[in-house]
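The values are calculated or read from the model by the stated rules, or taken from the named source; none is laboratory data. Given the structure is predicted, the values throughout are model-derived calculations rather than measurements. Using ideal geometry, Cβ is built from the backbone for each residue, glycine included, and neighbour counts are taken over all protein chains shown. We work out accessible area using only protein heavy atoms, side chains counted, and drop any ligands, DNA or RNA first. Shrake-Rupley method; radii C 1.70, N 1.55, O 1.52, S 1.80 Å.
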Amino acid sequence: MTEPLTDAERMRLAAIAVALFPASATMPSAADTGATGKWLDRVLAADPLRTTALRALAGRSETDPWAAAEGLFRDDPATFEDASDSLVMAYYMHPGVRKRIGYPGQKGQGPIAPDEAEHYLPDELIAPMRSRAPLYVPTPDA
Amino acid sequence: MPEAEVADVLVIGAGASGSVLTARLAEAGVSVTCLEQGGWVSASEFPGEDPAFDAIQLARWAMNPNTRKRPADYPINTAEADIWPLMFNGVGGGTVHYAAMWPRLVPSDFRVRTLDGVADDWPISYEDLEPFYERVQERWGVSGMAGDPAYPPMPEYPMPALPIGLIGQRAAAGMNRLGWHWWPHPNAIASRAHGRLAPCERRGVCQTGCIAGAKSSTDITYWPDAIRDGARLITGARVREITVNQTGRATGAIYIDRDGAEHHARGRTVVMATNGVGTPRLLLLSRSTHHPDGLANSSGLVGRRLMLHPMVAVAGTYEDDLESWRGPGGTPLIGLEFYETDRSRGFVRGAKWDLYPVAGTLPHFQLLHGKPLKERFGASAHERMARMMGRTFLWEAQIDDLPQVTNRVELDPTLTDSDGIPAPRVLYRVHEDARRNMAFQLDRMREAHEAAGAIETNEWHWMPEVGWHTLGTARCGNDPTDSVVDGYGRSHDVSNLFVIDGSVFVTGSAMNPTSTIAAFALRTAEHILATRRDS
Ligand SMILES: Cc1cc2nc3c(=O)[nH]c(=O)nc-3n(C[C@H](O)[C@H](O)[C@H](O)COP(=O)(O)OP(=O)(O)OC[C@H]3O[C@@H](n4cnc5c(N)ncnc54)[C@H](O)[C@@H]3O)c2cc1C
Ligand code: SF4
């Protein structure tokens with residue numbers, strides 16, 4: 001069993017998450033979305049083993065959050081990518097963030113309309129392939 | 001140990017091949033029992049709609065059984081493997097997880113020795129399998145478009161091809177500029193209602209199970225009919241040994257149920273359908289006086305010549321919104337320009353390309369792994385995501401890695417599954433030729449994106465977790481000293497034992513193999529029926 005993150009580790013991760021995802025003119029910061037709260041909980045519920053890398057990130061000695069991220073990336077890139085992947089997933093799980101980046105989630109788009117395949121595949125697009133000589137090598141002994 | 005009544009045919013494994021054969025034999029009135037270590041999976045378990053989908057698909061819905069660790073999974077030692085086998089253990093087998101790409105092999109795949117002077121020819125040809133490819137795709141449920149110039153002529157598919165979408169359009173235009181081959185990819189995904197399949201809703205999460213019931217997995221398209229026709233499917237039945245009698249003929253299988261009790265299931269004919277890792281594992285576990293090196297292994301090739309397709313990919317990012325998160329995944333396009341051998345490229349055989357959407361948010365950042373932090377986080381994080389989301393798709397190249405006897409599945413000396421049965425150990429090194437092939441395809445895929453107008457490309461040049469096609473470990477052939485089974489999958493050593501899964505492949509091709517596995521299994525089923533009638 002992996003020990004859950006402590007409050008101190010969460011606070012430290014929250015600061016690092018803001019360094020990785022600061023507020024911009026159009027996007028909220030990781031703190032604004034509570035990324036390291038309930039969204040990170042969802043990530044860890046899906047995969048508790050991710051705690052180990054997050055703990056390594058939270059435990060860096062550098063006081064500056066960005067320097068802590070840089071430090072782990074330099075010393076142990078695989079652990080950094082693991083930890084930052086968790087923060088990426090947590091940040092982008094927020095519905096408001098998804099909306100702003102134009103990502104609807106992997107939702108059903110309804111059944112395919114009868115003319116939809118043709119719409120994307122006009123004759124002029126596929127014509128060069130239809131007129132191509134066969135590419136395949138036939139069975140030699142057939 | 002309880003003894004069951006003797007079935008005409010005992011099938012081990014309810015995945016792709018086991019389903020096809022069992023359904024056909026049951027339909028013909030043969031008594032068939034199938035033993036499957038896993039259980040049924042309900043669509044309500046699939047994680048596609050969960051906001052934590054990205055995380056779940058890397059954990060409890062991972063493709064890698066070593067990560068996923070469901071009760072039905074067995075561990076695989078991959079410490080010495082460049083590529084790790086991926087699979088799903090349950091009713092439907094790998095088809096529950098697969099992307100449902102449905103390309104056939106091309107004729108030259110069956111004649112690599114004759115045409116290229118390397119590896120070996122298959123004992124059967126494209127023409128031998130052709131009628132079975134056609135038959136199987138009706139029941140399986142395949143959407144596609146006939147007329148692909150990379151294949152011999154073929155009739156229309158049961159359903160029209162899926163829409164190629166904006167990403168397909170964009171990629172196709174680039175390929176046309178270069179004069180390179182592409183075609184709408186056949187997929188075992190329903191473009192409209194078909195049998196038990198619902199129409200695809202393009203959720204794009206096909207590889208973690210289709211919530212809509214549009215992707216053909218054999219738990220939907222085969223098993224209900226097989227059971228209706230009298231087949232007996234025993235789930236939670238983990239086989240540990242194929243049994244033989246005093247003359248060395250197969251008599252059945254010993255399996256362990258989920259309460260830990262051992263049973264002996266008996267069959268007049270035994271059929272192995274446990275995939276390219278599970279089949280050699282079981283044959284090697286089944287040592288006896290008659291078969292001291294494992295069952296059907298007088299050639300010494302059981303477990304040898306393992307082939308796992310290496311894969312490389314290039315992501316292209318474009319200026320306009322191409323809704324590149326949209327499914328299916330499944331794939332809209334196939335590209336076979338560099339499939340057939342051209343020795344001037346510095347390697348034999350080639351690669352199959354497919355186009356892939358990017359589902360989820362995390363993969364956009366994973367593409368940037370290893371890059372300096374300031375290029376992907378901090379001030380640049382939002383700009384990066386805005387630039388990539390909906391605007392990024394992949395060309396992937398699946399590589400033909402020819403058989404080597406040193407690439408193999410063997411029994412691990414210490415690792416065991418949850419029932420204490422020795423687990424497999426996989427030793428796999430990608431051949432130098434395949435490495436040159438990978439480098440070549442990466443360059444071409446970059447060019448394809450550039451020709452289509454990509455403003456940025458990022459590469460995946462090495463991916464160990466791509467062993468979704470486990471092939472070659474009980475190869476078919478005519479010579480009993482150099483192959484395990486014949487062209488119908490019948491063991492040279494044990495005449496009432498068949499292998500029908502991906503193990504029988506002589507060369508791996510660069511195609512996704514399930515259409516060929518299914519066609520081979522149907523051909524074997526017909527052979528079993530014909531020989532029963534004759535006798
Ligand atoms: C993520 C993913 C994506 C894929 N995408 C594609 C694709 O797009 N196109 C394509 O063609 N292929 C794809 N594949 C591969 C495809 O799934 C396989 O080719 C196919 O399922 C192999 O069929 P099979 O009959 O050889 O074995 P499987 O389908 O693997 O079935 C073997 C069955 O045997 C059972 N079994 C094993 N050992 C035992 C035992 N000891 N006792 C009892 N039962 C046992 C297993 O539980 C399993 O159910 C993909 C695979 C994965 C994992
Ligand atoms: S894209 Fe289609 S086949 Fe794939 S999961 Fe969605 S509905 Fe199912």
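Computed with a 1.4 Å probe over protein heavy atoms only, the accessible surface of the stretch A:7-101 comes to 43 Å² per residue. Here, the stretch B:174-283 has an Rg and a Dmax of 20.6, 66 Å when only alpha carbons are counted.
Taking the Cα centre of chain B as origin and assigning +1 to Lys and Arg Cβ atoms and -1 to Asp and Glu Cβ atoms, the resulting dipole is close to 360 debye.
Determine the shielding of peptide A:13-24 by partner chains: average, over its residues, the number of Cβ atoms on other chains within 10 angstrom of each Cβ. Intermediate values should be presented prior to the final figure.
Working: counts 0, 0, 0, 1, 1, 1, 4, 5, 5, 5, 1, 5.
Averaged over the peptide's residues, the number is 2.
In the full protein context, the stretch B:370-463 carries 39 Å² of accessible surface per residue, based on a 1.4 Å probe and ignoring ligands, DNA and RNA. The convex hull of the Cα atoms of chain B, projected and averaged over all directions, covers 23.5 nm². A simple charge model with +1 on the Cβ of Lys and Arg, -1 on the Cβ of Asp and Glu and nothing else charged puts the dipole of the protein assembly as shown at about 520 debye relative to its Cα centre. If you run the Gaussian network model on chain A, springs between alpha carbon atoms under 10 Å, then out of A:Pro65, A:Pro28, A:Pro111 the most flexible one is A:Pro111.
Between the Cα long axis of helix B:16-27 and the first principal axis of chain B there is an angle of about 50°, rounded to the nearest 10.
Among the protein heavy atoms, those of B:Glu337 account for about 50 Å² of accessible surface (1.4 Å probe, every chain in place).
Could you look at chain B and say what percent of its accessible area is carbon and sulfur, using a 1.4 Å probe and all protein chains? Don't skip to the answer; put the middle values down first.
Numbers: 8050 of 16630 Å².
For chain B, the apolar C and S fraction of the accessible surface comes to 48 percent.
Run through the DSSP bridge list for chain B and note the antiparallel percent, rounded to the nearest 5.
About 65 percent, rounded to the nearest 5.
Once a ≥ b ≥ c are taken as the square roots of the eigenvalues of the Cα gyration tensor of the stretch B:145-195, is the result rounded (a/c under 1.5), prolate (a/b larger than b/c) or oblate (a/b not larger than b/c)? Oblate is the answer for the stretch B:145-195, as a/c is 1.5 or above yet b/c matches or exceeds a/b.
Computed over the Cα atoms of the stretch B:259-410, the ratio of the radius of gyration to the Kirkwood radius (Rg/Rh) comes to 1.16.
Looking at this model, which pairs from A:Lys99/B:Lys69; B:Lys69/B:Lys371; B:Lys215/B:Lys352; B:Lys69/B:Lys374; A:Lys99/B:Lys374; A:Lys99/B:Lys352 are more than 28 angstrom apart at the alpha-carbon? Don't skip to the answer; put the middle values down first.
On the way: A:Lys99/B:Lys69 34 Å; B:Lys69/B:Lys371 32 Å; B:Lys215/B:Lys352 22 Å; B:Lys69/B:Lys374 36 Å; A:Lys99/B:Lys374 25 Å; A:Lys99/B:Lys352 36 Å.
Violating the 28 Å limit, Cα to Cα: A:Lys99/B:Lys69; B:Lys69/B:Lys371; B:Lys69/B:Lys374; A:Lys99/B:Lys352.
When the Cα positions of B:Val405, B:Val271, B:Asn176 are compared along the charge dipole of the protein assembly as shown, B:Val271 comes out farthest toward the positive end, with charges on each C-beta of Lys, Arg, Asp and Glu. The angle separating the long axis of helix B:432-451 from the principal Cα axis of greatest extent in chain B is about 40 degrees. Given +1 at the Cβ of Lys and Arg, -1 at the Cβ of Asp and Glu and no other charges, the dipole of the stretch B:305-363 around its Cα centre is 540 debye to the nearest 20.
Computed from Cα atoms, the angle from the helix B:514-534 axis to the main principal axis of chain B rounds to 20 degrees.
Taking only the Cα atoms of the stretch B:213-264, the ratio Rg/Rh comes out at 1.13, with Rh defined as the Kirkwood radius. Among beta bridges from DSSP that stay inside the protein assembly as shown, the antiparallel ones total about 65%. Dipole of chain B computed with +1 at Lys/Arg Cβ and -1 at Asp/Glu Cβ about the Cα centre; of B:Leu471, B:Leu282, B:Asn77, farthest Cα towards the positive end is B:Asn77. Our summary gives the stretch B:257-349 a relative contact order of 12 percent, counting only alpha carbon pairs under 8 angstrom and 6 or more residues apart. An ellipsoid equivalent to the stretch B:479-535, defined through the eigenvalues of its Cα gyration tensor, has semi-axes of 21, 16, 7 Å when rounded to whole angstrom and sorted largest first.
Pull out a ≥ b ≥ c, the square roots of the eigenvalues of the alpha-carbon gyration tensor of the stretch B:96-246, then state rounded if a/c is under 1.5, prolate if not and a/b is larger than b/c, and oblate in the remaining case. It comes out oblate by the Cα gyration axes.
Max-minus-min Cα coordinates of the stretch A:73-139 on each principal axis give 54, 36, 21 Å, with the largest extent listed first. Dipole orientation for the protein assembly as shown: of the candidates B:Ala521, B:Pro372, B:Met101, B:Pro372 has the Cα lying most toward the positive pole (charges on Cβ; Lys, Arg +1; Asp, Glu -1).
Geometric descriptor of the protein assembly as shown, per residue, is 151 Å³ (volume of the convex hull of the Cα atoms). Judged by the ratio a/c of the largest to the smallest principal axis of the C-alpha gyration tensor, the stretch B:1-58 counts as prolate, that ratio being 1.5 or greater while a/b is larger than b/c.
Would you calculate a helix-derived [θ] at 222 nm for chain B, using -39,500 (n - 2.57) for each DSSP H run of n ≥ 4 and dividing by the full residue count, to the nearest 500? So the calculated ellipticity at 222 nm is -7000 deg cm²/dmol.
What ratio of Cα Rg to 2.2 N^0.38 Å holds for the stretch A:7-101? Write down the numbers at each step before the final one.
Details: Rg = 12.5 Å, N = 95, 2.2 N^0.38 = 12.4 Å.
So the Cα radius of gyration is 1.00 times the expected 2.2 N^0.38 Å.
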